[in-house]
1. Give the residue from G99, C190, H278 lying farthest towards the positive end of the charge dipole for the chain; charges sit on Cβ (+1 for Lys and Arg, -1 for Asp and Glu) and the dipole is referred to the Cα centre.
2. Simple spin-label model, 7 Å along Cα-to-Cβ: D155 to I282 in nm?
3. Can you give the relative contact order of the chain as a percent, counting alpha carbon pairs under 8 Å and 6+ residues apart?
4. If you take every DSSP beta bridge fully contained in region 5-118, what fraction is antiparallel? Give it as a percent rounded to 5.
5. With each pseudo-label sitting 7 Å past Cα toward Cβ, what's the A57-D92 distance in nm, one decimal?
6. Express in nm, to one decimal, how much length is gained between N125 and M225 on full extension, taking 0.36 nm for each residue of separation and deducting their alpha carbon distance.
7. How charged is the neighbourhood of H210? Take every other residue with its Cβ under 9 Å from the Cβ of H210, and add Lys/Arg as +1 and Asp/Glu as -1.
8. Okay, helix-only estimate at 222 nm for the chain: each DSSP H run of n ≥ 4 adds -39500 (n - 2.57), divide by all residues, round to 500 deg cm²/dmol; what do you get?
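Values in this text are rule-based calculations from the coordinates and carry no lab data. This is a predicted model, so every value here is computed, not measured. All Cβ positions, even for glycine, are placed from backbone atoms using ideal geometry, and neighbour counts span all protein chains on display.
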Amino acid sequence: MGVASLGYIGFEVSDLKAWDDYLTGFLGLMPGHGNGASARYRMDDRAFRIHLDKGAADDISFIGLEVETPEGLQALRERLEKAGVPCAPASDNLKKERGVRDLLVLTDPAGLQVEVYVGATALTNMPFHSPAGVSGFMTGGQGAGHVVLASEKIDENRDFYTRLLGFRLSDTIGMAISPDFTLVLEFYHCNPRHHTLALAPMPAPKRLHHFMVEMATLDDVGFAMDRIGACGVKQTMTLGKHSNDRMVSFYAATPSGFEVEVGTAGIEVHDDVWRVTHHEAISMWGHKRV
């Protein structure tokens, strides 16, 4: 038994105001609870999916991986302990801050804080409402979206997320960097979302290359593209369709320099019939650098 979804993503950002405008005005997330030094944002009935802390890193700072049951968390704790992986029970203060019933704190081989939890707070008494009019986000059992992490420790990271946390390989894509070198990207799922995690075996100035939010409809994505100019957002890739998950999406720079993918209509992976494949192109069409 492993993790079930990407429950939330934490970022350390230098400009909370710019991020607030970006997340609410451009992406259409709903503000949650904040205290001046941090802020949280909703995509559905969960108390938050995005957490911001003020700081200089301008990068991803932690991910929250949800386990379905207390028994599942206990089984995962025992697996980690047997493998000799340090996993500290969270303090009561951290559990209260994250709004969860139980929580383990780990660190992946690349140094990213990984929080594995159960019992997230659902605000069904306060329905989600997008300030930008987004009709909805595809979350639920598929979680908050996906993250693409750059790491020179690809073998160690792969082992950590697959053998210990239960991620399964969906497929790979070869990016021809030069005639003599192809970079192979690895895509992993933990639920029917085609990939919750992707690993890029390369050094990079930031841990995070991009995170993805999946909107409910193509119109939601189109309206987001229309907001680019009014919100002062820099588009980084044109609308396109990926070769592996068939996501129709575009990319934009965030106030911290890494990117966000805004997409819709990604295909699902079902382990009983899925077959791992390799692709030689990132996209079927589009996704040209702006």
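1. My answer, from the dipole projection, is G99.
2. Taking the simple label geometry, D155 and I282 are separated by 2.7 nm.
3. 19 percent
4. Expressed as a percentage, antiparallel bridges in region 5-118 total about 70.
5. About 2.7 nm separates the two model spin labels.
6. Going from the current span to full extension adds 32.9 nm.
7. It works out to a net charge of -2.
8. The per-residue figure over the chain is -4500 deg cm²/dmol.
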